[in-house]
Amino acid sequence: AELVIANRPITTLRAMAFGASPTDRVDAITDGLAKLLERGGPLVVSAQPIPEGFAILVDGKLAFRILEGDVNQEAGETTALAADAAMRNLQQALDEMRESRNSEAMLRASGYTLLATLALVVLLWALLRGYGFFSRRIRNFVQLRAERLAPSWSQQVVGHSGIADLAVVPVKLVAWAAALLLVYEWVATVLALFPYTRPWGEGLFDNLLGALGRFGRDILHAVPGLL
């Protein structure tokens, strides 16, 4: 069962503890953390070794435990590594929960959202104008030279302006791809500005970077075959 606090994954629990299943442990931990948050305080997360693993503490009080049965031993994980990752993830989640309750921080995020939206509108407008400019230039160029660029029978198949329409297709595809990329980046940026949706924004950024990385690797791997 995955422990999630403030929409951010903290750790995965796998072991039974005093007859409680991993799901029951997650429910109990969530309730306990809610009570700790109600008390207030600096919300400093720490880890302490115990005989059966590690204890994760918030302001010196037990939040949950990482047991030997919770770690993924096949992946080479240890209780120390799992506790360190859980401690960092929980600290980040608690900091973001505090941020979400800070009206000044939320107002600042709203302001950045407005600026990002204005930037998106300006970029999409510039992209539309650029597409119109280049498509007109290409269309005029092709129409003026259609008889020399294509045989006469092709005009009978696609029409007088059909060749020009086909020539504009690559520009249209590039414009659509750029527009979708801008909207994707805007969504990821806006989600990352707010604490609760920040993990989603980070996931979108990671997915995009991963896709670009795989695309670049595929190109590099294909170069020898192309040569």
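Numbers at a glance
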{"quantity": "Residue-level accessible surface for R88, protein heavy atoms, 1.4 Å, Å²", "calculated": "130"}
{"quantity": "DSSP H segments from the chain that extend 15 Å or more along their own axis, Cα-based, with Kyte-Doolittle mean of 1.6 or above", "calculated": "162-193"}
{"quantity": "Solvent exposure, largest accessible area first (probe 1.4 Å, DNA, RNA and ligands not counted), of T12, T79", "calculated": "T12, T79"}
{"quantity": "Rg ratio (alpha-carbon, reference 2.2 N^0.38 Å) - the stretch 25-93", "calculated": "1.10"}
{"quantity": "Shape of the stretch 171-227, Cα gyration tensor, a/c cut at 1.5", "calculated": "oblate"}
{"quantity": "Relative contact order of the stretch 1-92, defined on C-alpha pairs under 8 angstrom at six or more residues apart (%)", "calculated": "27"}
{"quantity": "S110 accessible area, 1.4 Å probe, all protein chains in place, Å² to nearest 10", "calculated": "60"}
{"quantity": "Candidate residues E52, E2: accessible-area rank, largest first, probe 1.4 Å", "calculated": "E2, E52"}
{"quantity": "5 angstrom amide H check on A15, placed H, neighbours 5+ away", "calculated": "D70"}
{"quantity": "Area of Y184 that stays accessible when all protein chains are in place (1.4 Å probe, Å², to 10)", "calculated": "70"}
{"quantity": "Kirkwood Rh and Cα Rg combined as Rg/Rh, the chain", "calculated": "1.22"}
{"quantity": "List R145, R8, R214, ordered by accessible area with a 1.4 Å probe, largest first", "calculated": "R214, R145, R8"}
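The values are calculated or read from the model by the stated rules, or taken from the named source; none is laboratory data. Keep in mind it's a predicted model, so treat the numbers as computed, not measured. Quick note on the areas: whole protein, heavy atoms, side chains included, nothing else; ligands and nucleic acids left out. Shrake-Rupley method; radii C 1.70, N 1.55, O 1.52, S 1.80 Å.
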